[in-house]
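These notes are about the structure you will find just below.
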Amino acid sequence: MQVAKDKIRRLGSSGHPTRALFEVTSRCNARCGYCYIAHRKTAVELSTSQVIRAMDNLHSQGILFLVITGGEPFLRPDILEILNHARSLNFLSLSIYTNGYLIDDSRLAQLCGMAPNLRTIQMSVFSHIPEVHDSYMGLPGSLKRIMFSGRALMDSGIRVTLSLNVLEFNVDTTQESIDFFSSRGFKILVGCFKDIPNLEVRTHLIGSIEPDFFERFVTGLAPNLRRKYLRDMQNRCSDSGTGLCEGRFTQVMIDSAGYIHPCPSFPGITMGNIISTESLHSAILSSSEFKAARALTRDDIPACKSCDFKSFCSICIGKMHNEFGGYDKPCPQSCHYAQALRKAGKLSHAAA
């Protein structure tokens, strides 16, 4: 596995990403206040033929792993046509990210028939408590739909991952939600970091980005999961790691108008359009802004150079750029999380 990761990293370093996230729409039927995409100004949406052409371009230029996302992809009436074409290209991995609300019986039957080409469906959740989840998403009955369709998809051989988004209102029940969904066979991804594109989002998220929030998150985790997060952080910051996100070498994001960006957290850098560019490789290497981002090290960030947590902190430079417009200071969420994680680790060690 490590050999494959190293090869993918080397390909990315030479301007050949292997993973693409394709936002086929910026529209969404949910009303999640933390979501970055609701604040995008992109109203343009590629036609069916343009989406197909874009996927053909991604495939021919070396993309191995394709993620169809949004917005909410199932708002597109042609989404099954899009998925079927993606299947025909035989990417090593094809996934779709959705809130799950629009997967009705007809679509569920067709999705179940796409296994094994369709490898993963990832759905967003906020709580194992229906009233809490449905209220924040703004979609009554949505958790029930996720549980029903998720079970059917897993039975058909498709991996279903639930992305548990942790905010101030649900942080104290994080472990309960993890246990609930895991006991029902779902793979769980837990996310506690947020993109902050403007003051409106910052105001909404103020209780979910402060030090106390991250302490509550970390201390509320089961000991075995907390130890795993500690190991993950140590591995990312080992001698072979940079402590900065490796996604800047291995992936790209295509927005709903076809523009190429480093990732969803990096909308401020654009590297051409997948419809018109002749070479994804050239588009990446010709972007001076992205070249600077790829060359960045922790020592280039003034606040990080002499920080006591330098060897125990993983930084998303996309969130830095998105929030501050540059790389002069780290995203505070990274600092708060690292401090909370190390503190919990010391307390656990002392107790042992």
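The values are calculated or read from the model by the stated rules, or taken from the named source; none is laboratory data. Computed from a predicted model, the values in this text were never measured in an experiment. Backbone-built Cβ (ideal geometry, glycine too); neighbour counts: all protein chains shown. Remember, those area values only see protein heavy atoms, side chains included, never the ligands or the DNA or RNA. Shrake-Rupley method; radii C 1.70, N 1.55, O 1.52, S 1.80 Å.
Brief remarks follow.
- Extent along the principal axes, Cα only, for the range 148-190: 35, 15, 15 Å, with the longest axis given first.
- Extent along the principal axes, Cα only, for the chain: 57, 48, 42 Å, with the longest axis given first.
- With protein chains left intact and a 1.4 Å probe, residues in the chain average 45 Å² of accessible area per residue.
- Isotropically averaged projected area of the range 167-314, using the convex hull of Cα atoms (one quarter of hull area), nm²: 11.7
- Computed in the context of the full set of protein chains, the accessible area of the chain at 1.4 Å probe radius has 54% of its extent on carbon or sulfur.
- When peptides 315-323, 116-124 are sorted by average Cβ neighbour count within 10 Å, with the highest value leading, the order is 315-323, 116-124.
- Mean Cα-pair separation over length for the chain, i.e. relative contact order, pairs under 8 Å, 6 or more apart, %: 19
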